[in-house]
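Participant: Got a structure for you, written out below as structure tokens; questions coming shortly.
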Amino acid sequence: MKIPFFNYADLYLRDKTEFNDLIENVLSRGAYIMQSDLECFERNLAAYLGAKHVLGVADGTMAMIIGLKAMGIEKGDEVILPSHTFVATAAAVSHAGGVPVLAECGKDHLLNAIDVEKRITKNTRVIMPVQLNGRTANMKQMLEIADQHEISIAEDSAQALGSKFDGKCAGTFGDFGICSFYPSKTLGCFGDGGAVVTNSDAIADEVRLLRDHGRISSGDVVHWGFNSRLDNLQAAILNFKLQKYDAEIARRRELAQIYHSLLRNISELSLPPGPDDSVEHFDIYQNYEIECENRDALKLYLQSEGIGTILQWGGKCIHQFEALGLNSDLPITEQVTERFLLLPMNTSLSNDDVEFICEKILSFYM
């Protein structure tokens, strides 16, 4: 068997006829930028998330930059975030004028609340949990810390659209959250795309200005902005896929349950929580990230058997990119980077595919 880590072509081929009809409809109307398809998608996604506002932007990184600027981040403001995330999280803080402060992750690979509290200073303005791999952090803990220290919450929820903690969706807990619609995301378009999610009218109004050159409806420019709008064609594609999103998530949870059932007794592995392990968490399994002994040898073995795996972010967390100058003492995160591995997790996989992957992992550790 040949099982790629991700089958990008399948994203189009599974609904080829519907996509072709949709694309023809949008293009024949000449509806390219900020048209009715974008407005419809924003309304529908806001309703899905239980949020007041969703505003489409060019990509997930710009969503974070614009969101931070809209909430009033100023030069020197510190933002606490995990090192165990994609570099875009820290880059957004830096581009917005803030200072990234890196913290440890916990056993679930999400931001560690205890370590966050240790890193709060008089300059701390924001805690930014990264809702990673399709799981939402324990936001009760994060909100308690934020309230106690009178600081704000902003969420990098790029990998967690529809994930919930205590019945509430990722991206809706703080001043704002963000979505990424990169093709391999659980809700992905055919290029780059992102959105800011907020319940704040003031932040939503500012995001509308910032994403479109700082222009108001009359065309006047009231301050410096960006050219960062979600293309109308991509919005139409996303709106179509949103109609099937619950089925997408249900299937990912089925695949995660197969992994969990077949791999949980291997002592050399540490697995993500199973779909039914917690009443507080509803996980969508954007990724299936395990920790494993003899990781590099396992990766090579699976490759020899035709199974694609990857090390997230090239196998490095943010503090390990020395040129960025964010070196921190993060021993727990260091241990995770030596052991983590992403197994295939997407809805092009069959049950047989996942069972084959598990069979090969079992044979490696026998």
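Participant: Suppose the filter is open to solvent by 70 Å² or more (accessible area, probe 1.4 Å), touching a residue at least 40 places away in the same chain (Cβ under 8 Å) and among the hydrophobic types (A, V, I, L, M, F, W, C); does PHE86 pass it?
Facilitator: Judged against the criteria, PHE86 is a match.
Participant: So in segment 269-279, with the set limited to residues that are among the aliphatic types (A, V, I, L, M) and either at pLDDT 95 or above or closer than 19 Å to ARG295 by Cβ (or both), which one is least open to solvent (accessible area, probe 1.4 Å)?
Facilitator: Per the criteria, the residue is LEU269.
Participant: Of all the residues that make up segment 307-348, how many are among the basic types (Lys, Arg) and in contact (Cβ under 8 Å) with a residue 60 or more places away in the chain?
Facilitator: Count: 1.
Participant: What are the pairs with Cβ atoms under 6 angstrom where one residue, in segment 101-127, is within 18 Å of GLU334 (Cβ to Cβ) and the other, located anywhere, is modelled with pLDDT of 95 or more and among the polar types (S, T, N, Q)? Sequence gap at least six, or different chains.
Facilitator: Here the result reads LEU102/SER83; GLU104/ASN112; GLU104/THR333; CYS105/ASN112; CYS105/THR333; GLY106/ASN112, each pair linking segment 101-127 to a residue that is modelled with pLDDT of 95 or more and among the polar types (S, T, N, Q).
Participant: Can you list residue pairs whose Cβ atoms sit under 7 Å apart, with the first residue in segment 59-72 being at pLDDT 95 or above and the second being of a type in the set (S, T, N, Q) and surrounded by 24 or more Cβ atoms within 10 Å (Cβ to Cβ)? Count only pairs 6 or more apart in sequence or on different chains.
Facilitator: ASP59/SER180; GLY60/SER180; MET64/THR89
Participant: Go through segment 269-297 and count every residue that is aliphatic (A, V, I, L, M), in contact with a helix residue (DSSP H, G or I) (Cβ under 7 Å, 6 or more places away or on another chain) and touching a residue at least 40 places away in the same chain (Cβ under 8 Å).
Facilitator: Number of matching residues: 2.
Participant: Please go through (1) of a type outside the set (Asp, Glu); (2) over 23 Å from the mean Cα position of the chain (by Cα); (3) within 30 Å of ASP352 (Cα to Cα) for ARG29 and return the number of the only condition it doesn't satisfy.
Facilitator: (3)
Participant: Mind telling me which of the residues GLY97, GLY106 ends up being open to solvent by 10 Å² or more (accessible area, probe 1.4 Å) and either of a type in the set (Lys, Arg) or at pLDDT below 95 (or both)?
Facilitator: Among GLY97, GLY106, only GLY106 is open to solvent by 10 Å² or more (accessible area, probe 1.4 Å) and either of a type in the set (Lys, Arg) or at pLDDT below 95 (or both).
Participant: Could you go through segment 173-184 and let me know if any residue there is within 18 Å of ALA51 (Cβ to Cβ), part of a loop (DSSP other than H, G, I, E, B) and of a type in the set (Phe, Trp, Tyr).
Facilitator: yes
Participant: Just the residues that are under 25 Å from ASN227 (Cα atoms), among the aliphatic types (A, V, I, L, M) and open to solvent by less than 20 Å² (accessible area, probe 1.4 Å), please, taken from segment 1-50.
Facilitator: VAL26, ALA31, LEU38, LEU45, ALA46
Participant: Taking segment 88-123 on its own, how many of its residues are more than 23 Å from ALA323 (Cβ to Cβ) and touching a His at 6+ places or on another chain (Cβ under 7 Å)?
Facilitator: Here the count works out to 2.
Participant: Tell me, please, whether a residue that is touching a residue at least 60 places away in the same chain (Cβ under 8 Å), farther than 17 Å from LEU55 by Cα and among the basic types (Lys, Arg) can be found in segment 139-156.
Facilitator: No, segment 139-156 has no match at all.
Participant: For segment 291-349, enumerate the residues that are closer than 20 Å to LYS2 by Cα, assigned to a helix (DSSP H, G or I) and open to solvent by less than 40 Å² (accessible area, probe 1.4 Å).
Facilitator: Listed by number, the residues that qualify are ALA297, LEU298, LEU302.
Participant: Provide a single number: the residues in segment 54-71 that are open to solvent by 30 Å² or more (accessible area, probe 1.4 Å) and closer than 16 Å to ALA204 by Cβ.
Facilitator: Summing the residues that are open to solvent by 30 Å² or more (accessible area, probe 1.4 Å) and closer than 16 Å to ALA204 by Cβ in segment 54-71 gives 2.
Participant: In addition: How about segment 268-312: which of its residues are of a type in the set (A, V, I, L, M) and within 20 Å of the chain's Cα centre (by Cα)?
Facilitator: LEU271, ILE284, ILE290, ILE310, LEU311
Participant: If I ask for residues that are among the charged types (D, E, K, R) and either farther than 19 Å from ALA256 by Cβ or open to solvent by less than 20 Å² (accessible area, probe 1.4 Å) (or both), which ones from segment 124-158 would you list?
Facilitator: ARG125, LYS140, GLU144, ASP147, GLU150, GLU155, ASP156
Participant: Hey, another quick one. Among the residues of segment 166-175, are any among the basic types (Lys, Arg) and over 25 Å from ASP205 (Cα atoms)?
Facilitator: So in segment 166-175, the residues among the basic types (Lys, Arg) come out as 168.
From what is left, the residues that are over 25 Å from ASP205 (Cα atoms) are none.
There is no residue in segment 166-175 that is among the basic types (Lys, Arg) and over 25 Å from ASP205 (Cα atoms).
Participant: Being outside any helix (DSSP H, G or I), touching a residue at least 60 places away in the same chain (Cβ under 8 Å) and crowded, with 18+ Cβ neighbours inside 10 Å is the filter here; which residues of segment 225-268 pass it?
Facilitator: Within segment 225-268, SER228, ARG229, LEU230, ASP231, ILE266 qualify.
The values are calculated or read from the model by the stated rules, or taken from the named source; none is laboratory data. Please read all numbers here as calculations on a predicted model, not as lab measurements. A quick note on method: Cβ atoms are made from the backbone with ideal geometry, for glycine too, and the neighbour counts reach across all protein chains shown. Keep in mind that these areas ignore ligands, DNA and RNA; they rest on the heavy atoms of the full protein, side chains included. Shrake-Rupley method; radii C 1.70, N 1.55, O 1.52, S 1.80 Å.
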